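Below is one structure, written out as structure tokens; comments come after it.
The values are calculated or read from the model by the stated rules, or taken from the named source; none is laboratory data. Note that this is a predicted model, so its numbers are computed, not measured. Please note: Cβ atoms are built from the backbone with ideal geometry, for glycine as well, and neighbour counts cover all protein chains shown.
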Amino acid sequence: MPYSYDEQNIFAKILRGEIPCNKVAESEHCLAFHDIAPQAPQHVLVIPKGAYVTYDDFALNARDAEIIDFTRMVAKVCGQLGVCPTEAQAGYRLISNAGPDGMQEVPHLHVHILAGANIGPLTVKHT
């Protein structure tokens, strides 16, 4: 694993209750909360409660129950926010950054659910 887990990262502190969050949903294995610096009208983070750094770390090392709960939490939050794509709703973007090249800022797996506006292209071409 390229990163080691830092027990003092901000998400670990949120999970321990040392830092408050604006909670959207919680389950046995996951927590979802509003991002403190939203990049879209709706911006929610979903994190596992386990000490996983990146999605590949999670996929390889988490128990099946954790993986299922995390995946279903993302769907639950999208439904709760009313952003699941339909003829009336435009949809959402799901992002998980990993490592330095992926611009990961917190060494705890998290996915961003961004919705509520067209947020433009996924990447900028690099030449």
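Out of Ala59, Ala12, Ala75, I need the residue that is assigned to a helix (DSSP H, G or I), over 16 Å from Glu105 (Cα atoms) and over 13 Å from the mean Cα position of the chain (by Cα). Which one? Residue meeting the stated conditions: Ala59. Just one of the numbered conditions (1) exposed (fewer than 12 other Cβ atoms within 10 Å of the Cβ); (2) in contact with a Lys or Arg (Cβ under 8 Å, 6 or more places away or on another chain) is not true of Cys30: (1).
For Asp69, indicate whether it is surrounded by 13 or more Cβ atoms within 10 Å (Cβ to Cβ), at pLDDT below 95, charged (D, E, K, R) and not in a strand (DSSP E or B).
Taking the combined requirement at face value, the residue does not satisfy it.
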